[in-house]
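J.: The structure follows.
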Amino acid sequence: MQLSPHFSYAEMTATYTGLYNIPDQSTLEMLRLTCAKLEEVRTLVGGPILVTSGYRSDAVNMAVHG
């Protein structure tokens, strides 16, 4: 699923911890808004933006010492 033209749900929720990392509906809407702003930044810088952590569940955040 795409959250915006250049940012996918899979990209924004990727984790290598093996832990549950699924946002609830309200958080998903915030991710959509975040991606819309990232699209604006992408336009300003004229190229791709690498997202390494768009969303972390509490468990994932604790596991990576975030």
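Any read-out appearing in this document is the output of simple, stated calculations on the displayed coordinates, not a laboratory observation. Keep in mind that what you see is a predicted model, and the values were worked out from it rather than measured. Quick reminder, even Gly has a Cβ in these numbers, built from the backbone with ideal geometry, and neighbours come from all protein chains shown.
J.: Run the numbers on the range 1-43 and let me know its relative contact order in percent, using alpha-carbon pairs under 8 Å that are six or more apart.
T.: 45
J.: Which angle from 0 to 90°, rounded to the nearest 10, does the C-alpha axis of helix 25-45 make with the longest principal axis of the chain?
T.: So the inclination is approximately 40 degrees.
J.: Oh, and also: 7 Å from Cα along Cα→Cβ at both LEU19 and THR43: what's the point-to-point distance in nm?
T.: Here the modelled spin labels are 3.6 nm apart.
J.: Given a 10 angstrom Cα cut-off, can you work out which residue in LEU44, LEU33, LEU19 is the most mobile in a GNM of the chain?
T.: Comparing LEU44, LEU33, LEU19 in a Gaussian network model of the chain, the most mobile one is LEU44.
J.: About its Cα centre, what dipole magnitude does the chain give when the only charges are +1 on Lys and Arg Cβ and -1 on Asp and Glu Cβ, stated in debye to the nearest 20?
T.: 120
J.: Could you tell me which of VAL41, ILE22, TYR55 has its Cα farthest along the dipole of the chain towards the positive end, charges placed at Cβ (Lys, Arg +1; Asp, Glu -1), taken about the Cα centre?
T.: Highest projection toward the positive end goes to VAL41.
J.: Which value in nm describes the separation of the simple spin-label points at MET30 and ALA10, placed 7 Å from the Cα toward the beta carbon?
T.: For the pair MET30/ALA10, the computed spacing is 2.5 nm.
J.: Expressed as a fraction of 2.2 N^0.38 Å, the rule-of-thumb size for a compact globular protein of N residues, what is the C-alpha radius of gyration of the chain?
T.: That works out to 1.14 for the chain.
J.: Using a basic spin-label model with each label point 7 Å from the Cα along Cα→Cβ, how many nm lie between LEU50 and MET62?
T.: 3.0
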